[in-house]
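A quick write-up on the structure given underneath.
The values are calculated or read from the model by the stated rules, or taken from the named source; none is laboratory data. Note that the coordinates shown come from a computational prediction; the quantities given were computed from them, not determined experimentally. Note: ideal-geometry Cβ built from the backbone for every residue, glycine included; neighbour counts use all protein chains shown.
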Amino acid sequence: MAVTVLAVSGVVAGLLAVLMFLQKSLYSSAICLMGVLLQVAAIYLLLGAQILAFLQVLVYAGAIMVLIVIAIMAAPPRLGSLWAENHLPSWLLGLIFGLAATEACLALASRRGGSVPWSVVTRALEMDMAGLLFGRYALMTESAGLLILLSALALLRYEDGPR
Amino acid sequence: MNAEVIIWAISGFLFLAGAALLVFRRQLLAMILGLELLLNAAGLGFVYYSARWQNAEGLAIALLVIAVAAAEAVVGLGFLIALSRDGSAAETGDIRALAD
């Protein structure tokens, strides 16, 4: 059962990725990307990585998607020279939502069924990850945080004037 | 079909879709969306093999990838908005600031 859920979430993610590529409208592409990100979060949950799934929803499907939508709103409307002319057909949307609903039902059923047939991220492994992030990888963790801060500050600086 | 094959298929397909967005689309924003897809495909592999080999380093790297993706999105989208102020940089061929 759990393998089926994994396969269905993979199919939904793949379909949404293809649609993302084919869409002319950037809004549609962004919505498809959000669907892919949520499917990846679901796969993280199936693999037992709850913290990463939570961060995936919070950072990717939340913060980054808000940034992307704001950027789309702020960008000039010059979409005339694109090669893609496809629009999202309603039957395909129905199929994707149907697959996602099936996946959710199967996930609930497999959760009642017990364990999954693959190795999962255990609580001890997540504790090890925290130890690594604030131990051996502390410099990298600090650098990532500093990178985000510097990028935000650079934007503010650019707002004052690029030259 | 076992889980490893499925994860490889998902990861590979997402990576290909991201690379296709990056190569074939002309809009800068679509290219940034493709980059996010590439990073997600990589993260998926890290998490699966971290669970399989019970090694926390993959999880730590996946977390750092999420942080770097956030920084990349801030820089990329901010740069794009700044460039498109004059209405000339929605597509890759329009940017001449570094070439001139």
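Values as computed for the structure displayed
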| read-out | value |
| --- | --- |
| Tally of residues being touching a residue at least 12 places away in the same chain (Cβ under 8 Å) and facing another protein chain (nearest Cβ under 7 Å) across segment B:33-65 | 11 |
| Those residues of segment B:41-100 which are at pLDDT below 75 and not in a helix (DSSP H, G or I), in sequence order | B:Gly87, B:Ser88, B:Ala89, B:Ala90, B:Glu91, B:Ile95, B:Arg96, B:Ala97, B:Leu98, B:Ala99, B:Asp100 |
| Failed item, numbered, when A:Leu26 is tested on (1) out of contact with any Leu (no Cβ under 7 Å at 6 or more places or on another chain); (2) farther than 14 Å from B:Phe13 by Cα | (1) |
| Extreme residue, surrounded by the most Cβ atoms within 10 Å (Cβ to Cβ), among residues of segment A:17-34 that are part of a helix (DSSP H, G or I) and more than 9 Å from chain B (Cβ to nearest Cβ) | A:Leu19 |
| Qualifying positions in segment A:35-72 - more than 14 Å from the chain's Cα centre (by Cα) and facing chain B (nearest Cβ under 7 Å) | A:Leu47, A:Gly48, A:Ala49, A:Ala71, A:Ile72 |
